[in-house]
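Undergrad: To start, I am sharing the structure in question, which I have written as structure tokens.
The values are calculated or read from the model by the stated rules, or taken from the named source; none is laboratory data. None of these values were measured; they are calculated from a predicted model. Here Cβ is always computed from backbone atoms with ideal geometry, including for glycine, and neighbour counts include all displayed protein chains.
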Amino acid sequence: MRKLFVIAAFLLAAALPAQAAAQGSGTGTINGVVHDTTCYGPCAYPPPPPQPYTGDNLVVKVRSLPDRELVAKLHPTNGRFQIEVAPGLYRVRAKVRDGGYCWQGQAKKVQVVEDQTTRVRLHVYNACIV
């Protein structure tokens, strides 16, 4: 009887981690960077690699689709952001707050899969600099 109990306990202990791994965490990650692609001064061809936007007034909004419900409003200071969200389709948009009509931002649709990281690159630029 004791031997049967030990075997049952061993099987139960072995099955629990496998079941937890199969269920997953229920979330995925959006990992992104916002590049400043403004051409300051004379534009070179080919252009230099874009640098992350490091201004204090960067806003990244994450909305679920198709309902467009705001999921997160982020204020990255180094141009990089990361957020955990439920699996599904999202619209991620970068914008420069208080930038007037000169600063233009980019938006992208991203598909988030459970337990995976979805990478996104967005651009902002000052359209008034020519």
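Undergrad: Do the conditions hold for GLY88, that is, is it at pLDDT 95 or above, surrounded by 13 or more Cβ atoms within 10 Å (Cβ to Cβ), of a type outside the set (A, V, I, L, M, F, W, C) and at positive phi?
TA: Details: at pLDDT 95 or above: yes; surrounded by 13 or more Cβ atoms within 10 Å (Cβ to Cβ): yes; of a type outside the set (A, V, I, L, M, F, W, C): yes; at positive phi: yes.
Criteria met by GLY88.
Undergrad: Out of the range 62-120, which residues are assigned to a loop (DSSP other than H, G, I, E, B), of a type in the set (Lys, Arg) and under 14 Å from the mean Cα position of the chain (by Cα)?
TA: Our first condition is that a residue be assigned to a loop (DSSP other than H, G, I, E, B); within the range 62-120, this holds for 65-69, 75-79, 86-87, 97-102, 106, 113-116.
Filter once more, so that each one left must be of a type in the set (Lys, Arg): 68, 97.
Once the filter is applied, which keeps residues that are assigned to a loop (DSSP other than H, G, I, E, B), of a type in the set (Lys, Arg) and under 14 Å from the mean Cα position of the chain (by Cα), the range 62-120 yields nothing.
Undergrad: Name every residue in the range 55-81 that is surrounded by fewer than 13 Cβ atoms within 10 Å (Cβ to Cβ) and touching a residue at least 24 places away in the same chain (Cβ under 8 Å), in order of residue number.
TA: ASN78
Undergrad: Taking only pairs six or more apart or across chains, which ones have beta-carbon atoms under 6 Å, a first residue in the range 26-42 that is closer than 11 Å to GLN82 by Cα and in contact (Cβ under 8 Å) with a residue 12 or more places away in the chain, and a second residue that is aliphatic (A, V, I, L, M) and surrounded by 16 or more Cβ atoms within 10 Å (Cβ to Cβ)?
TA: Note: pairs meeting the criteria are GLY28/VAL112; ILE30/ILE83; GLY32/VAL120.
Undergrad: Check whether at least one residue in the range 43-53 is exposed (fewer than 14 other Cβ atoms within 10 Å of the Cβ), of a type in the set (S, T, N, Q) and either touching a Lys or Arg at 6+ places or on another chain (Cβ under 8 Å) or not in a strand (DSSP E or B) (or both), and report yes or no.
TA: no
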